1. Across region 191-215, what is the total count of residues that are under 30 Å from residue 58 (Cβ atoms) and surrounded by fewer than 18 Cβ atoms within 10 Å (Cβ to Cβ)?
2. Of (1) touching a helix residue (DSSP H, G or I) at 6+ places or on another chain (Cβ under 8 Å); (2) outside any helix (DSSP H, G or I); (3) at pLDDT below 90; (4) under 18 Å from residue 227 (Cβ atoms), residue 49 satisfies all except one. Which?
3. Anything in region 90-100 that is assigned to a loop (DSSP other than H, G, I, E, B) and surrounded by fewer than 19 Cβ atoms within 10 Å (Cβ to Cβ)? List them, or say none.
4. Scan 103, 149, 179 and give me the residue that is at pLDDT below 95 and either touching a helix residue (DSSP H, G or I) at 6+ places or on another chain (Cβ under 6 Å) or assigned to a helix (DSSP H, G or I) (or both).
5. State all residues of region 199-219 that are more than 22 Å from the chain's Cα centre (by Cα) and farther than 17 Å from residue 146 by Cβ; if no residue qualifies, say none.
6. Filter region 158-190 down to residues that are over 17 Å from residue 101 (Cα atoms) and over 16 Å from the mean Cα position of the chain (by Cα) and give me whichever is surrounded by the fewest Cβ atoms within 10 Å (Cβ to Cβ).
């Protein structure tokens, strides 16, 4: 039976509840591998990023176990943990990336125009700290945040800087942290640091258009890194019996 449309719910949350319903009904037994993201997205007529957010939510709640390179498997603990760790309805990781792409590209352009020499030095120091972190085999998340917030402040618009800070605070939520758990690797951070360096060079050159473009490209690459398939789209043992999500389109949650 298709689930009912609940307009106030995020799409990824509705997808998660549909899959959880099938698990609780016994459609997928503990240890069974779920269909690949691509198949789930086709059956539910939603985007793959929305399915990914739903699967991450289900993993946090204990319904599934994501094994990068193998697939998504029904957990043996299942719904008992799910009730205890049930997530609040919050913004999904890909929504946050999309919002940051729109806002921070403009922050970069404004920083190129308005940053004081002291603010440029602080951004450069944050970037240098990211590089030091990598050399020490430390994931440079804290200094990544520092770089982006310094850049937002340097743009000279306090309201915009506040919104960017709020988005970064949401980045430490359980969904985003679980997603990063699977995909944060040294190679990922090496690429991200190179992208930050390109943004920094454009800001130091006072080239607003270039700063906007390089920041937008960085956020696009961040989204692509998180969208890499963890299953290699291998065929599932059987097709899912999923209800079409009412009112769902093909956009990301």
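1. Restricting attention to region 191-215, the residues satisfying the condition of being under 30 Å from residue 58 (Cβ atoms) are 191-192.
Still in the list and also surrounded by fewer than 18 Cβ atoms within 10 Å (Cβ to Cβ): 191.
Total meeting the criteria: 1.
2. For residue 49, the failing item is (2).
3. The first filter runs over region 90-100 and keeps only residues assigned to a loop (DSSP other than H, G, I, E, B), leaving 90-92.
Scanning region 90-100 gives a single hit, 90.
4. Values: 103 fails: at pLDDT below 95; 149 fails: at pLDDT below 95.
179 is the lone residue from the list that is at pLDDT below 95 and either touching a helix residue (DSSP H, G or I) at 6+ places or on another chain (Cβ under 6 Å) or assigned to a helix (DSSP H, G or I) (or both).
5. Taking region 199-219 first, the residues more than 22 Å from the chain's Cα centre (by Cα) are 200-211.
Across region 199-219, the qualifying residues are 201, 202, 204, 205, 206, 207, 208, 209, 210, 211.
6. Let us first name the residues in region 158-190 that are over 17 Å from residue 101 (Cα atoms), namely 158, 172-175, 177-190.
Still in the list and also over 16 Å from the mean Cα position of the chain (by Cα): 158, 186-187, 190.
Numbers: 158: 10, 186: 10, 187: 8, 190: 12.
Once the filter is applied, the top-ranked residue is 187.
The values are calculated or read from the model by the stated rules, or taken from the named source; none is laboratory data. Here the structure is a predicted model, which means the values were calculated and not measured. A quick note on method: Cβ atoms are made from the backbone with ideal geometry, for glycine too, and the neighbour counts reach across all protein chains shown.
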